[in-house]
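Worksheet for the structure shown next.
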Amino acid sequence: MTTWVRWACATAVMVAALSGGPALAQESSSHPNYLPQSLQADDVPIDSVIVRLSKSSGDSGQDEVALAAARKFAAFLTGRGFNPIEVSKVVARITREAAVARVTYRLLPDGPNGIRVLFLVDAAAKPRGEGAPEGILTGELRDFPVLYKDGRSLLTAIVAGGLGGYSDSNPWFGQPELFNKSSPIAGHLPGREASWTEGSLEYGGGFAAQLDDLPIYAFGALTGMTTWSIGQDIYRDDTRVFDAIEKAYAGFLYANTETRNRFKFSVGRQTYTLNDSFLVNLVKGSTNVGPRGATYLGPRLANDFSVLADGRVGPWSAAVFYINPDELEYLETDSTYLGANLGYAFNDRVSLDGTFITLPTSKSTYANPYGLTLDRQGLNTLSAHLKWRDLPVEGVFAEGELAHQSHPDYAMSAWAGYGTLGYIARKAPWTPSISYRYAVFSGDDPDTRTYERFDSLLSTGLGIWLQGISFGKLFANSNLATQRVQLNVVPLEALNVTFDYHKLTAPELNNLGSNPALSELMSHDIGQEFTLSGRWALNRNLYLQGIASYALPGEALRDIGADKPWTTLQLSLYWSL
């Protein structure tokens, strides 16, 4: 059966489902770095805020006064991490100060790693009483999923999920047995083609409540998740259905809309991303392979347990985090991550921050040519990160980070770093942007007694640090040098289209610690990958992602017989009520 026929079949199964109702691989998930849905975009950077009139009062002067008030209070959010409690309070203040009937908002994708918040102001009707109760517990069934809401509290149902159809040609570059012969998650491996469908359903509830008249809010959520896979994927062909707790966390938020100071603390099963995911990305918080299914859809993101605290006072920001990822039980490494980040914003264009991460526990060891026991537990990572936009002219942006790793118990010195330079034409049609990034993650030189292979920690992220959607299944961000060219356009306000080109090479031929088939390379040339991605926020509740990628193996793979180009076609629909 041809790739296109298999792709059509996979898509047809997904459409049919829609109509029926509401380890050895390094990284398989194609989950977006964020979902532009209010309950699933926590802490995603807000790149810009848009205010628009949804219904006119009939008086243009009155409309303009309402819009001006809305812009004044909404501007507070630009540059901050998205938080639904903060945004809800901004909505309430706009409604009150602008004297309008209703203000709603929706999230729009803004490149591969940010969002825009669109506020819609309804000035047509008379304002309701401030803090008037809403929700299905008041008898308004149309308010679902809001169970109850007033001026101080919110109780909501959480109902979300995803459906996907996927087709890969020549998976594993035509050598699935070679790369998975000792994999504990592999079953019946594919031949030249693999086509399958996946799905997920998350269900539960969340709450937020203001404490007295203070700008302090308690919040939390508890959800379960069911995931499934049907058909031959890149690892196995058995149908899998898996149920487990997904989110289970509580915390409090201090948010002062006058001073812009904030502090948030939370504990439990939740997600976390640091900066642009160079060291920590939410996708690594949980595992979606093996019996859990939904390998490409990647809906499971919550850490097994975490403690998160972050705040901002004036130009200063700080964060402290403890993360215990949710690993497969029979592959548990007991690796935990304790870190702190301190940042300073010189102005709206330039910011600098530093990060320290240590591993308090881990049962893993590093493979090395000497057969020594090099424990991962105790690893220390120190990094500095600089972000600069609109330099020296509007639209030019640059970003870079440098990280060093060491260990207190043996000689280790590993480095990683990158530099990005790009330009975005914000006033041009389709808002085109282009960027070039060069990144290096050191490998271990077998001629020295120092261990030098960089540990990728929790680094990944579609379109960011998942460096090739197919190559990322074989190569983590260790012993890797990449050149990336990224193009992005916005044909429609809610649609982003991105093209990524990756050229991958290995700094060292010694590649112990990677897939066993690639532990010793005969060439530095890993290969090239071309990826086209589309992200479309169809409305407030539906988000469609399509990916087409073509990976060409380099000499290092061709030397071991992995000489077929790997093509993947993916279509994923994420939804929430």
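The values are calculated or read from the model by the stated rules, or taken from the named source; none is laboratory data. Quick caveat: nothing in here was measured; it's all calculated off a predicted structure. All Cβ positions, even for glycine, are placed from backbone atoms using ideal geometry, and neighbour counts span all protein chains on display. Each accessible area value is taken on the protein alone, full model and side chains, heavy atoms only, with ligands, DNA and RNA left out. Shrake-Rupley method; radii C 1.70, N 1.55, O 1.52, S 1.80 Å.
Modelled spin-label separation between F346 and L214, with each label point placed 7 Å from Cα along the Cα-to-Cβ direction: 3.7 nm. Per residue, the accessible area of region 89-185 comes to 42 Å², computed with a 1.4 Å probe over protein heavy atoms only.
Its residues counted as N, the chain yields a C-alpha radius of gyration over 2.2 N^0.38 Å of 0.97.
Stokes-Einstein D for region 474-543 at 10 °C, 1.306 mPa s, Kirkwood Rh over Cα pairs, in µm²/s?
110
With +1 on each Lys and Arg Cβ and -1 on each Asp and Glu Cβ, how big is the dipole of the chain about its Cα centre, in debye rounded to the nearest 20?
Working: 47 positive and 59 negative charges, 313 e Å.
Charge dipole, the chain, about its Cα centre: 1500 debye, nearest 20.
Computed from the Cβ-Cβ distance with R0 of 56 Å, the FRET efficiency linking T358 to A124 stands at 0.50.
Remark: region 541-548, residue by residue, has Karplus-estimated 3J(HN,Hα) of 10, 10, 9, 10, 10, x, 9, 10 Hz, where x stands for each Gly or Pro and the curve is 6.51 cos²θ - 1.76 cosθ + 1.60 at θ = phi - 60°.
Applying the Kirkwood pairwise sum to the alpha-carbon positions of region 26-68 produces a hydrodynamic radius of 14.1 angstrom.
Taken over region 25-142, the alpha-carbon convex hull comes to 130 cubic angstrom per residue. Label sites at N380 and Q483, each approximated as a point 7 angstrom past Cα along Cα to Cβ, lie 3.7 nm apart. In this structure, the amide hydrogen of L374, modeled 1.01 Å from its nitrogen in the peptide plane, lies closer than 5 angstrom to those of Y366, counting only residues at least 5 positions away or on a different chain. Calculated on the alpha-carbon coordinates, the convex hull of region 129-269 measures out at 182 cubic angstrom per residue. Between S48 and M522, the FRET efficiency estimated from the beta carbon spacing at R0 = 35 angstrom works out to 0.15.
Probing with 1.4 Å while keeping every protein chain in the model, the per residue accessible area of region 469-577 equals 33 Å².
Comparing Cα centroids, region 504-569 and region 40-54 end up 32 angstrom apart.
Our estimate of slack between N261 and E177, defined as 0.36 nm per intervening residue step minus the Cα-Cα distance, is 24.8 nm.
In this calculation the C-beta distance from L331 to R96 is compared with R0 = 56 Å, giving a FRET efficiency of 0.60. Taken one residue at a time, the phi angles of region 327-332 give Karplus couplings (6.51, -1.76, 1.60, θ = phi - 60°) of 8, 4, 4, 7, 10, 4 Hz. Gly and Pro are set to x.
Over the Cα atoms of region 421-555, the radius of gyration divided by the Kirkwood radius equals 1.06; this is the Rg/Rh ratio. Of all lysines in the structure, those lying under 24 Å Cα to Cα from K427, and not within fewer than 8 positions of it along the same chain, are K72, K387.
Per-residue 3J(HN,Hα) values for region 560-577, derived from phi via the Karplus relation 6.51 cos²θ - 1.76 cosθ + 1.60 with θ = phi - 60°, read 10, x, 8, 10, 9, x, 9, 10, 10, 10, 9, 9, 10, 10, 9, 9, 8, 9 Hz in sequence order (x marks Gly and Pro). Protein heavy-atom accessible surface, 1.4 Å probe, per residue over region 312-385: 49 Å². Using bins of 10 Å that start at zero, the share of Cα-Cα pairs per bin across region 222-329 amounts to 14, 37, 28, 14, 6, 1, in whole %. The accessible surface of the chain, taken with every protein chain in place and a 1.4 Å probe, is 60 percent carbon and sulfur.
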